Every structure is written in structure tokens, then in C-alpha cells.
Amino acid sequence: METIEKDEIRQAVRESYEKVAKAGGVSFGTDPATSCCGPSDISVETTPASSCCVGPDVTPEQISSLMGYSKNDINYVPEGANMGLGCGNPVALASLKSGETVVDLGSGGGFDCFLAAREVGETGRVIGVDMTSEMVTKARKNAEKTGATNVEFRLGEIEHLPVADNSADIIMSNCVINLSPDKQSVYREAYRILKPGGRLSISDVLATATLPDKVRKDLALVAACVGGAATIDETETLLRNVGFQDIKIKPKDISRELISKWSPSKSENAWDYVVSAYIEAVKGK
């Protein structure tokens, strides 16, 4: 990016999620500075039921239902794990099997990790990675509530994963990779830690065309899951560059409705620029 340094982006995103973690989920209201996945300047004086991705009259449970989570999913996780973050349900896409090892990029409060841990069972393992210490602390406390022994949370950047080579069967992520200023490194790291034959199960925000400069260079919109979105073609190229095969990128039918729920007012109809999409790919054997 010409006018925003990578470290500036990381810091803006980190600060946003620190506030979200401390607030337990926050609400846009009509403040143009707030965002879907992490506002750049938000108030923590909100009710616990409000979410950073939705307006004050929409609960995390309602937005999660729109993303594709069942009532059983929502009721299964401990209170505080579902913060209404994300843009889809990568766990449902993943078709997890007993005994598999799962790594979740940008694990937040642990919502998807706990659902994945249920699917892989006691012989499986789930590792959540988040760059925000407040989120990792929150997720670990949520894990204590569940008594789950097959899930852990690690502090780290998704461009530099604290995970061993060839150790994961599947990598999940939910509305996080768009926030990275170095997406090629994210996919390179994902490829590194996957076992041969391992797969990606990602829900993310992608651009339908090259974003206007006023959107791309706005830190608030980058933190809002809009300004940093790569195009569908760019994403496919990034995946191929590191060796992924069987690449599938499918925009979701409810994309416009979902994005309209969390797009900050200053994004000028974010759905005109971006879509929520599922991304799948496989590491060759």
C-alpha cells in the first residue's frame, strides 16, 4: 500500500480487537468510525449482548445464525465465546473428522475452535492463533469453562504462525485474512503447516473489483474488513503461488444481507465493493 505501512495496519487492527475483547463485543450504532470486525475507535460502554459486527438491536446469536451457525452451535459454546464476529461458518465447510488437527487463524474468543473441538473429538486437536493478547486470554478463560482438553490458544501473527511444519490436517479462518497487509505470507505459512493433502476452510471478505483508493487507504475501513480485501482473482493467484491445488472460491448468497448488517456508515455501501466468500484449497500430497 502506498500510504499505509504494514505495521500501521497491524497496529490499527490489534488496537481494534483489544477494545473488542475488553468490551466482550461492541456495537456500531451510527458511529462512522466503527467497523465490522474491529472498529478503529470504539466505545466500550456497551451492553454485553451487543456485537462489534452488528447494530445495537442485533445480537451476536442473530448474526451468527445469518452466517450459517445452527442453534445447537450457538448454544454449545460458553458464554462470551460468540462475539458475533466473522462472515460465515468455516466449521460447517470443513467437514471435520475425528482425530484431525485443526488450526484456526485469528481465533478471537474461540467460537469456531470450540465447535471444531467437538467435531474432532478427544483424539483430535484444535489450535487457535490470535495476535491480540486480550483475545488469547479471553479464549483461554472460555476454554476453562468448557473443560475442553483438546483445544489450546497461542499468541502469534498469522503471517508467522507458531505451529510446526506439516502438522495440521485443516486450517480454518473467519473474516481475518482480509485484515492482513501481507496475505501472501499468510497463505505461505498455511501451506507450511499443513500436512500433505491438508486443506483450507476459510470464510473471508473479498473484493469484487480493485478497491478505490479512498477505501483502500483508509485505516478505519481496512480494520472494518473492507479496505484490505483482495479481489477473487488476486486470492486465487496468491494461493497458486505457494502451491495450493483444487482452489474453490464461492461468494455466499447471503453476502449482501450479511455485509449490510455490519458495514460502517463511512464505507458507502460496502457491498458495492466486497462480498463474503468461502475459500477452499488443498496442499498436494
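Note on the stretch 164-179: residues that are surrounded by fewer than 20 Cβ atoms within 10 Å (Cβ to Cβ) and outside any loop (DSSP other than H, G, I, E, B) amount to 0.
Per this entry, residue 206 is not counted among residues that are in contact with a helix residue (DSSP H, G or I) (Cβ under 8 Å, 6 or more places away or on another chain), touching a residue at least 40 places away in the same chain (Cβ under 8 Å) and farther than 26 Å from residue 19 by Cα.
Do we have residue 216 as basic (Lys, Arg) and at pLDDT 90 or above here? No: the conditions fail for residue 216.
The set of residues in the stretch 123-135 that are outside any strand (DSSP E or B) and modelled with pLDDT of 95 or more comprises 123, 124.
Within the stretch 144-163, residues that are in contact (Cβ under 8 Å) with a residue 12 or more places away in the chain and buried (at least 19 other Cβ atoms within 10 Å of the Cβ) have Cβ atoms under 9 Å from residues that are part of a strand (DSSP E or B) and hydroxyl-bearing (Ser, Thr, Tyr) in these pairs: 158/173, counting only partners at least 6 apart in sequence or on another chain. A search for C-beta distances below 6 Å between a residue of the stretch 232-250 that is closer than 16 Å to residue 181 by Cα and any residue that is surrounded by 15 or more Cβ atoms within 10 Å (Cβ to Cβ) and of a type in the set (Gly, Ala, Ser), counting only pairs 6+ apart in sequence or on different chains, returns 239/281. Of a type outside the set (Asp, Glu) and within 20 Å of residue 198 (Cβ to Cβ), is that true of residue 65? No.
Mind checking whether some residue in the stretch 93-115 is in contact with a Leu (Cβ under 7 Å, 6 or more places away or on another chain) and without any contact (Cβ under 8 Å) to a residue 60 or more places away in the chain? Checked the stretch 93-115: no residue is in contact with a Leu (Cβ under 7 Å, 6 or more places away or on another chain) and without any contact (Cβ under 8 Å) to a residue 60 or more places away in the chain.
You will find that of 190, 224, the residue that is within 15 Å of the chain's Cα centre (by Cα), modelled with pLDDT under 90, within 23 Å of residue 11 (Cα to Cα) and buried (at least 18 other Cβ atoms within 10 Å of the Cβ) is 224 and no other. Residues in the stretch 91-135 that are over 14 Å from the mean Cα position of the chain (by Cα) and among the β-branched types (Val, Ile, Thr): 101, 102, 120, 123, 126, 127.
The values are calculated or read from the model by the stated rules, or taken from the named source; none is laboratory data. This structure is a prediction, so every number in the text was calculated from the model and none was measured. Cβ coordinates were reconstructed from backbone atoms using ideal geometry, including for glycine residues, and neighbour counts include every protein chain displayed.
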